[in-house]
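Contents: one structure, followed by commentary.
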Amino acid sequence: MSSTPAQRILVVEDHGPLRAQIVALLQGANWQVEEASDGRLGLQLALQQPPDVLLLDLGLPGLDGLQLCRQLRARADRHIPVLMLTARDSLADKGQGFAAGADDYLLKPFAGEELLWRCQALARRGELGRSPVLQRGPLHIDRRSGQVLNEGQVLLMPPQAYRLLLALAEAWPRTVSRSELQQALWADEPPESDALRSHLYTLRQALGPAQQLIKTVHSVGLRLDVPE
């Protein structure tokens, strides 16, 4: 059985110093953080690899927070909890945010503890609406128990190998870069040695015949090669 992977959050905020403070706060609370400084990049990242929570500023360049939220709700294949972060405090502004699809609303300035509480609450809410089992071709991955089945047969693997498989399965059908896989295992503190190669070898061995499902995309990364 595996340890639970860190929860993932995407921070979309154009004010650099504030974004850096938020990222540091979340990483200190063991969140796996991605960040974007404009709305178009934020939407792209959210659709490519849906986070457990999206922390979204309203006043963004390129695509504002309301537009991003509307497009996310229209295009994402699952519900991504959205916490809007803004200085706009009128009832009309809040109404627009909720109408666009926001799940919660936090006014600037805010206390760091409250931000963490709200993000954790949204992550739990998102988990309630998400199936704990991922099916990718012949593989069944139970995110609650950490159990992996291949065509009904239980596969045993160490925690790091499981986390690599889970990262590939959750990102499917997208190719996952080596840096993303390192982030999934060690957050922002990867070892100096090429430990990732060793863990990938262990994962392939644990998968047995199913190891052929893991494809290397030259100069890009790895992906699960199963039909959509």
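Only the coordinates and a few stated rules stand behind these numbers; no lab work does. These numbers were taken from a predicted model, which means no experiment stands behind them. Cβ coordinates were reconstructed from backbone atoms using ideal geometry, including for glycine residues, and neighbour counts include every protein chain displayed.
For this structure, a couple of remarks:
- Summing charges over neighbours of Pro61, with a neighbour being any other residue whose Cβ is under 15 Å away from its Cβ, gives -4 when K and R count +1 and D and E count -1.
- Cα gyration tensor shape of the chain, rounded if a/c is under 1.5, else prolate or oblate by comparing a/b with b/c: prolate
- Residues of segment 190-228 falling in the label zone of Val133, defined by backbone nitrogen less than 19 Å from a point 7 Å along Cα to beta-carbon, are 227.
- Segment 8-128 shape via C-alpha gyration tensor axes, a/c threshold 1.5: rounded
- Using alpha-carbon coordinates, inclination of helix 91-100 to the longest axis of the chain, degrees: 30 degrees
- Simple spin-label estimate for Arg125 and His218 gives 4.7 nm between the two label positions (7 Å along the Cα-to-Cβ direction from each Cα).
- Prolate/oblate/rounded label for segment 133-224 (Cα gyration tensor, a/c 1.5): prolate
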